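The structure under discussion appears below in the form of structure tokens.
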Amino acid sequence: MAVERTLSIIKPDATRRNLTGKINAVFEDAGLRIVAQKRIRLTDAQAGAFYAVHKDRPFYGSLVSSMTTDPVVVQVLEGENAVLKHREVMGATNPAQAAEGTVRAQFAESIEANSVHGSDSAENAAIEIAFFFSQIEIVG
Ligand code: RTP
Ligand code: MG
């Protein structure tokens, strides 16, 4: 199995409740290595650009504004099959459907304030990593 990288975001609902360490422990326990990480405050324009793929969805405006209320922690996670492994430990988008022990089952407040984002393919991971990080910031 190939070593991959994926882009992870600990969302404002989670940073507001001081959950960064607990969420990182779930990732590390799953064998994902944090090879880059920074805490930033997204502007409306940055959040809108990041989620441009969802611009025609009814929840777009609300999602974008929810991403700017508090800081986010953006990170690059590395490991075997990292994209899928990360999505497994995040759990389903809707926390009511998320499997026990997943980040969203443990911590999410709602379908929108669901604590974490993860890239959904290796191709999108490369695009999303480049959105936030330069090569020199990623230390494998
Ligand atoms: P993500 O992209 O954040 O890792 O999550 P995902 O693939 O599970 O969910 P996606 O369908 O890509 O949606 C992106 C984010 O939009 C919010 N959302 N709100 N109100 C709603 O029905 C709704 N549906 C999605 C969530 O914050 C979701 O993570
Ligand atoms: Mg998604």
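Let's see how each residue does on (1) within 14 Å of ligand 1 (Cβ to nearest atom); (2) touching a Gly at 6+ places or on another chain (Cβ under 8 Å):
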residue: ARG33; (1), (2): no, yes
residue: PRO71; (1), (2): no, no
residue: ASN81; (1), (2): no, no
residue: ALA98; (1), (2): yes, yes
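Go over the candidates ILE129, ILE136 one by one and state the one that is open to solvent by 90 Å² or more (accessible area, probe 1.4 Å) and either touching a strand residue (DSSP E or B) at 6+ places or on another chain (Cβ under 8 Å) or in a helix (DSSP H, G or I) (or both).
Criteria check complete, one pass: ILE136.
Criterion first (within 15 Å of ligand 2 (Cβ to nearest atom), hydrophobic (A, V, I, L, M, F, W, C) and open to solvent by less than 30 Å² (accessible area, probe 1.4 Å)) does ALA36 satisfy it?
In short, no.
Taking into account only those residues within the range 66-101 that are part of a loop (DSSP other than H, G, I, E, B) and more than 15 Å from ligand 2 (Cβ to nearest atom), which is most open to solvent (accessible area, probe 1.4 Å)?
Top of the filtered list is GLU100.
Need pairs with beta-carbon distance below 8 Å; first residue more than 15 Å from ILE9 (Cβ to Cβ) and open to solvent by less than 80 Å² (accessible area, probe 1.4 Å) and within the range 42-57, second within 14 Å of ligand 2 (Cβ to nearest atom) and outside any helix (DSSP H, G or I); sequence gap 6+ or separate chains.
Note: no pairs meet the criteria.
Considering only residues that are within 12 Å of ligand 2 (Cβ to nearest atom), without any contact (Cβ under 8 Å) to a residue 40 or more places away in the chain and open to solvent by less than 60 Å² (accessible area, probe 1.4 Å), which ones fall in the range 102-122?
SER121
Just need a number here: residues in the range 22-49 that are small (Gly, Ala, Ser), under 15 Å from VAL89 (Cα atoms) and part of a helix (DSSP H, G or I).
Qualifying residue count, the range 22-49: 1.
In the range 103-126, which residues are of a type in the set (A, V, I, L, M) and either in a helix (DSSP H, G or I) or at pLDDT below 95 (or both)?
Those that are of a type in the set (A, V, I, L, M) and either in a helix (DSSP H, G or I) or at pLDDT below 95 (or both): VAL103, ALA105, ALA122, ALA125, ALA126.
The values are calculated or read from the model by the stated rules, or taken from the named source; none is laboratory data. A quick note: this is a predicted structure, and the numbers were derived from the prediction, not measured. Note: ideal-geometry Cβ built from the backbone for every residue, glycine included; neighbour counts use all protein chains shown. Just so you know, the surface numbers come from the protein's heavy atoms only, side chains and all, with ligands and any DNA or RNA stripped out. Shrake-Rupley method; radii C 1.70, N 1.55, O 1.52, S 1.80 Å.
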